[in-house]
Amino acid sequence: MSDSTVIRVVDVSKRFIIRKDNSLKERLVNARRSKENKEEFWALDRVSFDVQSGHTMGLIGANGSGKSTLLKLIGGILTPTSGFVERRGRLAALLELGAGFHGDLTGRENVYLNASILGLTRRQTDQYFDAIVDFAGIEPFIDTQVKFYSSGMYVRLAFAVAVHVDPEILLVDEVLAVGDEPFQRKCLDRIKQFQHDGRTIILVTHSLEQVRQMCDRVILLEVGKVVVDGDPSQAVRHFRDANVEVDQQEQEARDHLVRIENVRLTDDRGQDRSTFDSGAAVSVEFDLVPLGPAVEDWGCGVAFSDVSGMTFAGTNTILQGLEPAALRHRTHIRFGFDGLPLSEGQYFIAVAVHPEHGYDYHRIDRAASFLIHTDSADPGVLLLHPKIEIT
Amino acid sequence: MTQTSERTLAGASNGRDLAHQPHGLERVNAPQPFLRGFVGTAREVLNYHELLGNLVRKELKIKYKDSVLGLLWSLLLPLVQLLVYWFVIGNFLAAGTIPYYGVFIFAGLAVWTLFAEIVSTATTSIVYNAGLVKKVYFPRELFPLAATGAALVNFLFQLAILVAAVVLAGIGSGHWPDPSKAALPVLALLALVVFATGLGLLLAAANVHLRDIQHLIAIVLMMWFWLTPIIYSVSRVGEKLPGPVYDLYLLNPMASVVFAFQEFFWPQGEGTVYQFTGDVYLRLLATIAFSVVFLWFAQRVFARAQGNFAQEL
């Protein structure tokens with residue numbers, strides 16, 4: 001513990017009790033069975049850590065792992081069942097944008113109300129008002145009731161208020177994924193400005209990309225326990241490794257003409273693998289099984305997508321100009337890629353068999369997944385190795 | 001702005017916490033012993049007075065937003081109520097012998113409306129603001145207090161009507177309120193606000209766990225209204241009820257408040273049998289003393305309960 005500690009979480013546990021009845025009648029009627037109507041679970045289990053001033057810490061974990069609960073405990077919205085939280089300095093929690101907004105009030109009235117909820121005085125709000133409206137970019141509508149706002153305008157105004165609060169500690173819960181692209185960039189710039197000013201930020205997000213870019217420390221939570229606390233790429237890698245199970249949501253084989261089986265990934269020596277170094281050779285192998293008579297008109301292909309679902313590469317036998325013989329029996333296919341210059345992350349393979357025109361015979365969207373490990377922290381899908389000259 | 005400092009100061013006083021405090025770190029939501037902590041919370045609420053003002057403004061604005069008559073509606077209801085009681089009870093039910101019956105009722109009705117509004121809106125204040133309670137930290141006491149504030153603003157309008165009625169009655173009867181009794185309505189309001197706020201805090205916390213409270217309170221308030229000498233004279237109650245029961249009846253804090261208002265704003269009743277004959281000052285002071293203790297108790301219960309609000313909503 002050093003002088004610059006601004007947040008201390010000491011052995012914090014939080015138990016939630018879920019009651020299934022809530023009216024007097026139900027409770028009286030069920031009095032004897034009231035124990036059966038209670039379910040409890042530990043949202044957080046003996047969590048401890050310190051955060052030093054000026055750091056940006058990411059909290060990651062699957063849904064229900066306790067990230068938001070932890071943030072609320074730090075923010076003072078919930079009280080821990082055991083353990084305690086200490087902190088120093090003014091805090092602003094962006095747990096939900098526009099939590100204090102009321103649809104019947106105008107944008108202007110809401111700005112003042114929300115600002116005072118977040119701890120600004122009226123004079124400070126007066127001072128920031130133009131900047132807030134300008135940041136949100138909704139000047140013509142500022143005197144309109146916010147219930148008439150588009151959802152984009154609404155969150156933009158809410159975010160604009162929140163970032164003008166000038167906190168020493170900022171808690172952010174997945175609110176950065178709002179608004180259109182330019183506005184998102186504006187928000188990220190603002191967060192970076194905060195970092196630059198030496199403020200402490202705790203960020204809950206599902207965007208691992210964001211975590212890698214913005215945080216200097218990451219805590220990975222799994223069912224209420226701290227699994228990893230440390231370097232972002234280490235935590236992110238650990239999290240991805242835990243998520244490898246491929247969800248084999250197969251599309252029903254259309255017309256039952258051909259079926260894809262046995263999709264696997266192999267390295268240059270033909271070994272099954274699910275983890276590769278960036279730039280390594282990767283082969284996608286699978287079998288095609290015709291279920292009925294011979295299929296004359298066919299092709300097959302593979303496509304790569306990232307965790308966000310964006311397909312960034314793909315090809316098929318028809319595009320490659322191949323004209324293979326009719327499919328009569330089980331046929332083994334191998335797509336070999338000499339080297340995938342991908343950056344750190346998890347990727348998915350889609351496999352399909354299809355006629356030249358028309359619907360796929362069979363398609364598996366997430367037929368396999370693999371991880372790329374690198375030492376580089378470069379963002380994006382492609383890992384380029386530029387030669388940089390500074391003259 | 002310092003969201004936790006006051007709390008922490010109060011919490012740190014039990015020594016054990018001091019050992020945990022490195023370099024000015026402050027404990028979030030430090031547990032407070034039941035008996036202490038009221039002053040700390042009160043100070044914290046004071047720090048948030050600006051937000052309290054904004055919340056009151058919000059309550060008032062959204063209540064009548066998009067309605068043509070707006071705030072007039074909050075006047076219309078008690079006015080119509082007044083007219084109905086005046087006609088039905090004053091004329092048909094032979095309570096008409098009470099001089100200046102309209103002023104008599106309205107003196108009681110105005111304070112009753114204030115009381116009922118504070119209690120019923122404070123009761124639902126935490127549940128209706130669930131979105132805020134779950135997402136933002138500030139003293140939860142502000143919600144019931146904002147309900148009280150909004151009710152007080154509405155009361156000002158009623159007070160204006162009452163004063164107008166008193167002036168008209170004064171011109172008609174030649175009896176004017178006695179300035180030496182001006183402390184009566186002030187003390188009465190103090191008693192009412194403190195008592196109603198305490199009740200509101202208690203019920204608001206209870207309503208989070210048991211939503212039946214908000215329905216139950218409507219019925220209780222209706223019964224309470226008829227048990228308070230607002231539209232009938234207390235002298236009839238004294239005749240009908242046996243002594244001990246009558247004494248019990250007079251323990252109603254709202255009775256003292258109503259007596260005080262009637263005594264000041266209804267000088268036409270001076271010396272008639274319809275006026276309360278006991279010592280109103282003494283009753284008011286006792287009510288205030290009780291209400292202050294009650295408010296303290298209610299706030300302590302509220303403080304206990306509030307740690308769980310965010311997860312119960």
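The values are calculated or read from the model by the stated rules, or taken from the named source; none is laboratory data. Quick caveat: nothing in here was measured; it's all calculated off a predicted structure. Cβ: placed from backbone, ideal geometry, glycine included. Neighbour counts: every protein chain shown.
Brief remarks follow.
- Residue tally, condition free of Cβ contacts under 8 Å to residues at least 24 places away in the same chain and either under 26 Å from A:ILE318 (Cα atoms) or touching a His at 6+ places or on another chain (Cβ under 9 Å) (or both), over the stretch A:334-391: 2
- In the stretch A:343-391, the residue that is farthest from A:GLN271 (Cα to Cα) out of those that are of a type in the set (Gly, Ala, Ser) and in a strand (DSSP E or B) is A:ALA352.
- Matching residues in the stretch B:300-313 - criterion: being out of contact with any Gly (no Cβ under 8 Å at 6 or more places or on another chain), of a type in the set (A, V, I, L, M) and assigned to a helix (DSSP H, G or I): B:VAL301, B:ALA305, B:ALA310
- Condition met for B:GLN262 (modelled with pLDDT of 90 or more and either buried (at least 17 other Cβ atoms within 10 Å of the Cβ) or under 20 Å from the mean Cα position of the chain (by Cα) (or both)): yes
- Scanning the stretch B:118-162 for residues that are free of Cβ contacts under 8 Å to residues at least 24 places away in the same chain and either in contact with a strand residue (DSSP E or B) (Cβ under 7 Å, 6 or more places away or on another chain) or away from chain A (no Cβ under 14 Å) (or both), we see that the one that is surrounded by the fewest Cβ atoms within 10 Å (Cβ to Cβ) is B:LEU156.
- Residue match in the stretch A:160-176 (condition: on the phi > 0 side of the Ramachandran plot and touching a helix residue (DSSP H, G or I) at 6+ places or on another chain (Cβ under 7 Å)): no
- Looking at the stretch B:224-299, the helices (runs of 4 or more DSSP H) lying wholly inside it that each contain 2 or more residues that are touching a residue at least 12 places away in the same chain (Cβ under 8 Å) and touching a Gly at 6+ places or on another chain (Cβ under 8 Å) sit at B:253-265.
- In the stretch A:114-129, the residues that are within 14 Å of another protein chain (Cβ to nearest Cβ) and hydrophobic (A, V, I, L, M, F, W, C): A:ALA115, A:ILE117, A:LEU118, A:LEU120
- Check on A:VAL165, closer than 24 Å to A:ALA235 by Cα, β-branched (Val, Ile, Thr) and not in a helix (DSSP H, G or I): no
- Complete set of residues in the stretch A:111-129 that are touching a residue at least 40 places away in the same chain (Cβ under 8 Å) and either exposed (fewer than 13 other Cβ atoms within 10 Å of the Cβ) or within 14 Å of A:ASP180 (Cβ to Cβ) (or both): none
- Count of the stretch A:134-155 residues, restricted to those that are among the aliphatic types (A, V, I, L, M) and crowded, with 19+ Cβ neighbours inside 10 Å, is 4.
- Counted residues, the stretch A:345-359 - those being surrounded by fewer than 19 Cβ atoms within 10 Å (Cβ to Cβ) and in contact with a helix residue (DSSP H, G or I) (Cβ under 8 Å, 6 or more places away or on another chain): 1
- Restricting the stretch A:214-254 to residues that are small (Gly, Ala, Ser) and crowded, with 17+ Cβ neighbours inside 10 Å, the residue that is modelled with the lowest pLDDT: A:ALA253
- Count of residues meeting criterion [farther than 17 Å from A:LEU371 by Cβ, in contact (Cβ under 8 Å) with a residue 60 or more places away in the chain and not in a strand (DSSP E or B)] in the stretch A:273-309: 1
- Those residues of the stretch B:126-175 which are in a helix (DSSP H, G or I) and in contact with a Pro (Cβ under 7 Å, 6 or more places away or on another chain), in sequence order: B:GLN158, B:VAL166
- Qualifying position, being closer than 20 Å to A:GLU285 by Cβ and buried (at least 18 other Cβ atoms within 10 Å of the Cβ), among A:LEU319, A:LEU342: A:LEU342
- Count of the stretch A:164-182 residues, restricted to those that are modelled with pLDDT of 80 or more and in contact with a Lys or Arg (Cβ under 7 Å, 6 or more places away or on another chain), is 4.
- Residue within the stretch B:66-79 that is under 20 Å from the mean Cα position of the chain (by Cα), over 15 Å from B:PHE157 (Cα atoms) and buried (at least 16 other Cβ atoms within 10 Å of the Cβ) present: no
- Within the stretch B:210-250, the set of residues being surrounded by 14 or more Cβ atoms within 10 Å (Cβ to Cβ), among the hydrophobic types (A, V, I, L, M, F, W, C) and within 21 Å of B:GLN262 (Cα to Cα) comprises B:LEU221, B:TRP224, B:PHE225, B:ILE230, B:ILE231, B:VAL234, B:VAL237, B:LEU250.
- Among the candidates A:PHE239, A:PHE159, A:PHE183, A:PHE194, residue that is in contact with a Cys (Cβ under 9 Å, 6 or more places away or on another chain) and assigned to a helix (DSSP H, G or I): A:PHE159
- Residue count for the stretch B:190-215, restricted to those that are more than 17 Å from B:PRO144 (Cβ to Cβ) and modelled with pLDDT under 95: 2
- When every residue of the stretch A:130-152 is checked against the conditions, none turns out to be part of a loop (DSSP other than H, G, I, E, B) and either at the interface with chain B (Cβ under 7 Å from one of its Cβ atoms) or in contact (Cβ under 8 Å) with a residue 60 or more places away in the chain (or both).
Quick grid of which residues meet (1) at pLDDT 90 or above; (2) in contact with an Asp or Glu (Cβ under 7 Å, 6 or more places away or on another chain):
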residue: A:ARG15; (1), (2): no, yes
residue: A:ASN22; (1), (2): no, no
residue: A:LYS35; (1), (2): no, no
residue: A:SER48; (1), (2): yes, yes
residue: A:THR69; (1), (2): no, no
residue: A:ILE77; (1), (2): no, no
residue: A:ARG87; (1), (2): no, yes
residue: A:ALA115; (1), (2): no, no
residue: A:LEU120; (1), (2): no, no
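- Being of a type in the set (A, V, I, L, M) and within 23 Å of B:PHE143 (Cα to Cα) is not true of B:LEU72.
- Selection within the stretch A:73-102 - more than 7 Å from every other protein chain (Cβ to nearest Cβ), small (Gly, Ala, Ser), over 19 Å from A:LEU113 (Cβ atoms) and in a loop (DSSP other than H, G, I, E, B): A:GLY89
- Residues of the stretch A:43-72 that are in contact with a helix residue (DSSP H, G or I) (Cβ under 7 Å, 6 or more places away or on another chain) and within 11 Å of chain B (Cβ to nearest Cβ): A:ALA43, A:LYS72.
- Some residue of the stretch B:298-308 being touching a Ser or Thr at 6+ places or on another chain (Cβ under 9 Å), among the aliphatic types (A, V, I, L, M) and more than 25 Å from B:TRP86 (Cβ to Cβ): yes
- Evaluation of A:CYS300 against (1) at pLDDT 90 or above; (2) surrounded by fewer than 20 Cβ atoms within 10 Å (Cβ to Cβ) (one fails), failing number: (2)
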